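These notes are about the structure you will find just below.
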Amino acid sequence: MNNLSTYQNKKSFWNELKQIFTNKQVLVSFVATLVLLILFRIGSAITMPGLTITDSLSDSTQSSFLGVLNLLGGGGISRLSFMAIGVSPYITAQIIVQLLSSDLIKPLTRLSKAGERGKRKLEIITRLITIPFAIMQAYAVLSLAGTQGLVSSFFGQSALSSVPAGQIILLLLGMTAGTYLTIFISDIISKRGVGNGVTLIILSGIVASIYPNFTSVFQVLTGSSQISNQLLRYFSFAVYLVFFFLILLATTFVNGSVRKIPIQQIGQGLSKEVDEMPYLPIKLNAAGVIPVIFASSIMTIAPTISQFLPSGSAGSEFINEYLSIERPVGLVIYTVLIVLFGFFYSHIQVNSEKLAENFQKSGKFIPGVKMGEETQKYISKTLNRVNCIGVPFLACLAIVPYLITMTTGIPNGIAIGGTGVIIMVTGSLDFWSSLKSAQTNYTYSNLTKGLKKSNEGQLLGSKAETDDVKRLW
């Protein structure tokens, strides 16, 4: 029986894949998404004019601040391209607008509840707030790259402070323009392509860095002086690969796990078999990867500010000592932010109030739970219980690389686990779900058009027959 079910699952998977890629509309959307991501990767590989980078810049992006920005930006910092900071400022602006819209600023709260028109206005506000964050992060990246000796020349000058103000402004405007170009590409992907554009932009940078990361791990482990036997060095790399894929499997399992809340329809009678009931699925990781991205974006604000402070000042030392992710205090703050954002964003994704209202309108109910407020409380309570498992797992997985760095000295950019793995798994699963959803939507729309045309044909045929009868008479 197990072999039969496994065979059926494999068969259904290949059938789904065949249906997706034999649908011309889905295939066009998929190819368009792929082309846009390739264009973004090409733009991320072109260094800005006037900058000469050293070979150690790609290795330095494994440090905490540059590593997080490189991850959120889509991998452009390793080449200091126009798209170096990517969508990171936009994500930070989104966090601020969402927090302020949660009953903190009444006009923004009213806009968040005003439907599509309100969402469009909030999007305009978000993009305006993106501008100062983009300028600040661009300057922080250039300043940090200069102080660490990762850029050998700024328009012929050895230090950023020696560069004329006009040329610095050009660099900042160039990176800010690159951010808005990246947002534009992600918007086209979201509207005309397949999947969420921002997630796919970040995912493309992670996928592009897989091979260089594995190469770096291989060089670190096989060149380790702590292991005398060369065979053991290769064995340690094999163990690393095994643990890496185990974490991938665990992350995939958690992202695919759901808590099923049974639902029944009024007038259909009560069913004793729970397995036969339709259900409301609540994911174990309901918030997805968004809490980790939000927390990472928040943690980049303090290091960004420190780049504007004099080197060695009290403020700069405080930020580097207590607000850096690589420090214990900063890591605790990072973990707390992930947990808070996890609970907060899951209630945005699963809106219990709206679900209870829709259930009441459609005549659906949860067996044993009263309609209305009781249903809302039940869904919220269930979601909080599920979050008590999913959110801590998400936080633990995100901080694993930093713990490995603190204990072993292996750079967190190549350590096991972390934000990259979470985004890679969640983004890939979301992309697959978007492909299936697009295939279903296009099939349904084509079927609807076909029925409409056939009905019109029948009406025209009956009208023609009526005209013929009139002519005979």
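Please give the number of the condition Pro262 fails out of (1) touching a Phe, Trp or Tyr at 6+ places or on another chain (Cβ under 7 Å); (2) closer than 29 Å to Gln98 by Cβ.
All conditions are met except number (2).
Let me confirm something: among Leu104, Leu100, which residue is loosely packed, with under 12 Cβ neighbours inside 10 Å and free of Cβ contacts under 8 Å to residues at least 12 places away in the same chain?
Values: Leu100 fails: loosely packed, with under 12 Cβ neighbours inside 10 Å.
Result: Leu104 is the single residue among Leu104, Leu100 that is loosely packed, with under 12 Cβ neighbours inside 10 Å and free of Cβ contacts under 8 Å to residues at least 12 places away in the same chain.
Can you tell me which residues in segment 116-159 are part of a strand (DSSP E or B) and free of Cβ contacts under 8 Å to residues at least 40 places away in the same chain?
Gln157 - this is the single residue of segment 116-159 that is part of a strand (DSSP E or B) and free of Cβ contacts under 8 Å to residues at least 40 places away in the same chain.
Looking at segment 239-296 only, could you name the residues that are among the charged types (D, E, K, R) and either modelled with pLDDT of 85 or more or not in a loop (DSSP other than H, G, I, E, B) (or both)?
Once the filter is applied, which keeps residues that are among the charged types (D, E, K, R) and either modelled with pLDDT of 85 or more or not in a loop (DSSP other than H, G, I, E, B) (or both), segment 239-296 yields Arg259, Lys260, Asp275, Glu276, Lys283.
Taking segment 187-205 as the search range and keeping residues that are of a type in the set (A, V, I, L, M, F, W, C) and more than 20 Å from Gly420 (Cα to Cα), which one is most open to solvent (accessible area, probe 1.4 Å)? Working first, answer last.
Here is the first cut: in segment 187-205, the residues of a type in the set (A, V, I, L, M, F, W, C) are 188-189, 194, 198, 200-203.
Of the ones still in play, those that are also more than 20 Å from Gly420 (Cα to Cα) are 188-189, 194.
Details: Ile188: 52, Ile189: 0, Val194: 4 Å².
Checking each candidate, the answer is Ile188.
Inspect all residues belonging to segment 266-276 and state whether any of them is in contact with a Pro (Cβ under 8 Å, 6 or more places away or on another chain), open to solvent by 20 Å² or more (accessible area, probe 1.4 Å) and not aromatic (Phe, Trp, Tyr).
So in segment 266-276, the residues in contact with a Pro (Cβ under 8 Å, 6 or more places away or on another chain) come out as 270, 274.
Okay, now just the ones that are also open to solvent by 20 Å² or more (accessible area, probe 1.4 Å), so 270, 274.
Then keep just the ones that are not aromatic (Phe, Trp, Tyr); that gives 270, 274.
Scanning segment 266-276 turns up at least one residue that is in contact with a Pro (Cβ under 8 Å, 6 or more places away or on another chain), open to solvent by 20 Å² or more (accessible area, probe 1.4 Å) and not aromatic (Phe, Trp, Tyr).
Considering only segment 330-370, state which residues are hydrophobic (A, V, I, L, M, F, W, C) and open to solvent by 70 Å² or more (accessible area, probe 1.4 Å). Don't jump to the end; show me each part of the working.
Taking segment 330-370 as the starting set, the residues that turn out to be hydrophobic (A, V, I, L, M, F, W, C) are 331-333, 336-341, 343-344, 348, 350, 355-356, 359, 365-366, 369.
Scanning segment 330-370 gives Val332, Val336, Leu340, Ile348.
With Leu128, Leu181, Leu111 as the choices, which residue is more than 19 Å from Gln307 (Cβ to Cβ), among the hydrophobic types (A, V, I, L, M, F, W, C) and touching a Ser or Thr at 6+ places or on another chain (Cβ under 8 Å)? Talk me through it step by step, then tell me what you get.
Details: Leu128 fails: touching a Ser or Thr at 6+ places or on another chain (Cβ under 8 Å); Leu181 fails: touching a Ser or Thr at 6+ places or on another chain (Cβ under 8 Å).
After ruling out the rest, the residue left standing is Leu111.
Consider only pairs whose beta carbons are under 7 Å apart and that are at least six residues apart or on different chains; among these, list those whose first residue lies in segment 334-355 and is closer than 10 Å to Asn387 by Cβ and without any contact (Cβ under 8 Å) to a residue 40 or more places away in the chain and whose second residue is assigned to a helix (DSSP H, G or I) and basic (Lys, Arg).
none
Let me spell it out: the conditions are (1) under 30 Å from Ile305 (Cβ atoms); (2) open to solvent by 60 Å² or more (accessible area, probe 1.4 Å), and Ala208 meets all of them except one. Which number is the exception?
Answer for Ala208: the failing condition is (2).
The values are calculated or read from the model by the stated rules, or taken from the named source; none is laboratory data. Keep in mind that this is a model prediction, so the values were computed, not measured. Neighbour counts run over all protein chains shown; Cβ positions are idealised from the backbone, glycine included. Remember, those area values only see protein heavy atoms, side chains included, never the ligands or the DNA or RNA. Shrake-Rupley method; radii C 1.70, N 1.55, O 1.52, S 1.80 Å.
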